[in-house]
């Protein structure tokens, strides 16, 4: 037995006997606190307000005079990022007391990962990072408790970029996933199959290939990757390059056909040069038997941790085709500003509110645009109603509307169980129909399922085409909706499903103030080029890319040259 194998066995035993029981204790304590969620939330709020009363933001908003939640709501408006930007920009210059007490330092900034607008900076303080890590530990610990045989197996995790520059005050900027990876405890680090430096491989195909080269030879028990679309691409690429992968594993090499910087190749040598002819023969037998090289045949049913709900998670329905009947755990509502929910069950996109991570308020969707929106605490929500989530956190936000819509699915004690639905600003409203991104994506997905076709990336755009009736244009790649007859049927079914789910859309179509949908079929591979251009523009990495299923700006269509256009006949 090699030294590495012996060390891994020892660490696995420690993990089973020490780490997992410790996580079990933390989960039980958290579960008890959910029954006191109101007290926990208010303790966090008033403790943080007291500490921040002499900050510039605290003085500007009279924190010293706040003695109740009602006082807080009168003094501090619900706001979007622009309201905090002057204070955050001051912190980025090194003026920490703009948002934080004198004893608090900003260690780093993280950056948003959304697909529209300019990336925004988020301060990282020690209290924020402590709560953020603890919530991830709760999530991961409960997942391993539910799947004890996976304890001690290897982990594949793709993360964002670590070095994304510095602020004017010379404070480093990172993606939040990279920050979390660097904060992993020493006992956990040997279980990761992929070193952090792979993130620095800029070419995505080369990066995915290197990921597979280092992990296909391992017994992977857990895959952590937010975007299921990226995970599908990883599996497809492994099959496309199966001959090269098998040869590299057999020979202890890393193919020179891929664009991997020399310095990264050098750092990976200690991992790559370990040849494994036996594993290569196993993989070759899989190919000879199945004609494919899919993860379901070479990895023993790993847990997949990715987005399952909302518009970002719809592609998770295709994962079993490549990975088999595996357990899947939603990562929860996680943003650069924090972790907001903690899913505790497989195959369910909802989880209880992360009550220790901040003070949370909620505004009903139909209230958000009123002059004085009614804010509710978590225990006041109604089941099956949708709300905007508003947060106060240790990262310097006070009543920050992050623009996310969640649905209350029930309660554990006083804590709401929440499911992310969509970004709130993605809503088509040409003629008062108010079609949400989630409604559109559900309609298109249901239509595709009925027709037996598979949708990958797609986007709807509300448009006003000259003198014709306003309508929705759906953009898909040709291979997703093959043939003109299928395209017509897809439009008909999507329209029918959307009429069934949105009575306003149905009424506007019936009244003929909205025209029939149109389909733009673009060349295969266009989305991949678009995504890489967006990733390069934003500099945030592609592992957490969120594809917009609805874009409100019709000018967005100008960047595409459709192969053809399909339109339903006028009614």
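The values are calculated or read from the model by the stated rules, or taken from the named source; none is laboratory data. On a predicted model such as this, the values are computed, not experimentally measured, just so you know. For neighbour counting, all protein chains shown are included, and Cβ atoms are generated from backbone atoms with ideal geometry for every residue, glycine included.
Conditions (1) part of a helix (DSSP H, G or I); (2) farther than 30 Å from residue 47 by Cα; (3) in contact with a helix residue (DSSP H, G or I) (Cβ under 7 Å, 6 or more places away or on another chain); (4) without any contact (Cβ under 8 Å) to a residue 40 or more places away in the chain, marked per residue:
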site: 101; (1), (2), (3), (4): no, no, yes, no
site: 129; (1), (2), (3), (4): yes, no, no, no
site: 136; (1), (2), (3), (4): yes, no, yes, no
site: 159; (1), (2), (3), (4): no, yes, yes, no
site: 184; (1), (2), (3), (4): no, no, no, yes
site: 190; (1), (2), (3), (4): yes, yes, yes, no
site: 198; (1), (2), (3), (4): yes, yes, yes, no
Return yes when residue 222 is assigned to a strand (DSSP E or B), within 29 Å of residue 151 (Cα to Cα), at pLDDT 90 or above and in contact with a helix residue (DSSP H, G or I) (Cβ under 7 Å, 6 or more places away or on another chain) and no when it is not.
yes
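Taking residue 289 as the residue in question, decide whether it is at pLDDT 95 or above, at negative phi and either out of contact with any strand residue (DSSP E or B) (no Cβ under 9 Å at 6 or more places or on another chain) or in a loop (DSSP other than H, G, I, E, B) (or both).
Yes; evaluated as a whole, the condition is true for this residue.
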Conditions (1) surrounded by 15 or more Cβ atoms within 10 Å (Cβ to Cβ); (2) farther than 30 Å from residue 112 by Cα; number of the one not met by residue 461:
(2)
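Rundown of residues vs (1) crowded, with 21+ Cβ neighbours inside 10 Å; (2) within 25 Å of the chain's Cα centre (by Cα); (3) part of a helix (DSSP H, G or I); (4) touching a residue at least 24 places away in the same chain (Cβ under 8 Å), yes/no style:
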{"position": "43", "(1), (2), (3), (4)": "no, no, yes, no"}
{"position": "67", "(1), (2), (3), (4)": "no, no, no, no"}
{"position": "84", "(1), (2), (3), (4)": "yes, yes, yes, yes"}
{"position": "110", "(1), (2), (3), (4)": "yes, yes, no, yes"}
Which one is surrounded by the fewest Cβ atoms within 10 Å (Cβ to Cβ), of the residues in segment 299-314 that are closer than 21 Å to residue 458 by Cα and in contact with a strand residue (DSSP E or B) (Cβ under 9 Å, 6 or more places away or on another chain)?
313
Do we have residue 153 as more than 22 Å from the chain's Cα centre (by Cα) and buried (at least 16 other Cβ atoms within 10 Å of the Cβ) here?
yes
Checking the conditions here, which among 439, 422 is in contact with a helix residue (DSSP H, G or I) (Cβ under 8 Å, 6 or more places away or on another chain) and in a strand (DSSP E or B)?
422
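One line per residue, one yes/no per condition, for (1) in contact with a strand residue (DSSP E or B) (Cβ under 8 Å, 6 or more places away or on another chain); (2) more than 17 Å from residue 461 (Cα to Cα); (3) in a loop (DSSP other than H, G, I, E, B):
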residue: 479; (1), (2), (3): no, yes, no
residue: 485; (1), (2), (3): no, yes, no
residue: 490; (1), (2), (3): yes, no, no
residue: 500; (1), (2), (3): no, yes, no
residue: 509; (1), (2), (3): no, no, no
residue: 512; (1), (2), (3): no, yes, yes
residue: 528; (1), (2), (3): no, yes, no
residue: 532; (1), (2), (3): no, yes, no
residue: 536; (1), (2), (3): no, yes, no
Enumerate the strands (runs of 3 or more DSSP E) found wholly within segment 328-375, keeping only those where 2 or more residues are in contact (Cβ under 8 Å) with a residue 40 or more places away in the chain.
350-352, 359-364
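Yes/no matrix, rows are residues, columns are (1) more than 18 Å from residue 394 (Cβ to Cβ); (2) surrounded by 16 or more Cβ atoms within 10 Å (Cβ to Cβ); (3) touching a strand residue (DSSP E or B) at 6+ places or on another chain (Cβ under 6 Å); (4) at pLDDT 90 or above:
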{"residue": "11", "(1), (2), (3), (4)": "yes, yes, no, no"}
{"residue": "17", "(1), (2), (3), (4)": "yes, no, no, no"}
{"residue": "24", "(1), (2), (3), (4)": "yes, no, no, no"}
{"residue": "47", "(1), (2), (3), (4)": "no, no, no, yes"}
What is the number of the single condition among (1) without any contact (Cβ under 8 Å) to a residue 60 or more places away in the chain; (2) closer than 21 Å to residue 437 by Cα; (3) in contact with a helix residue (DSSP H, G or I) (Cβ under 7 Å, 6 or more places away or on another chain) that residue 515 does not meet?
(3)
Those residues of segment 257-275 which are surrounded by 17 or more Cβ atoms within 10 Å (Cβ to Cβ) and either farther than 14 Å from residue 195 by Cβ or in contact with a strand residue (DSSP E or B) (Cβ under 7 Å, 6 or more places away or on another chain) (or both), in sequence order:
258
Odd one out for residue 339 among (1) over 17 Å from residue 225 (Cβ atoms); (2) out of contact with any strand residue (DSSP E or B) (no Cβ under 6 Å at 6 or more places or on another chain); (3) modelled with pLDDT under 95; (4) crowded, with 24+ Cβ neighbours inside 10 Å:
(1)
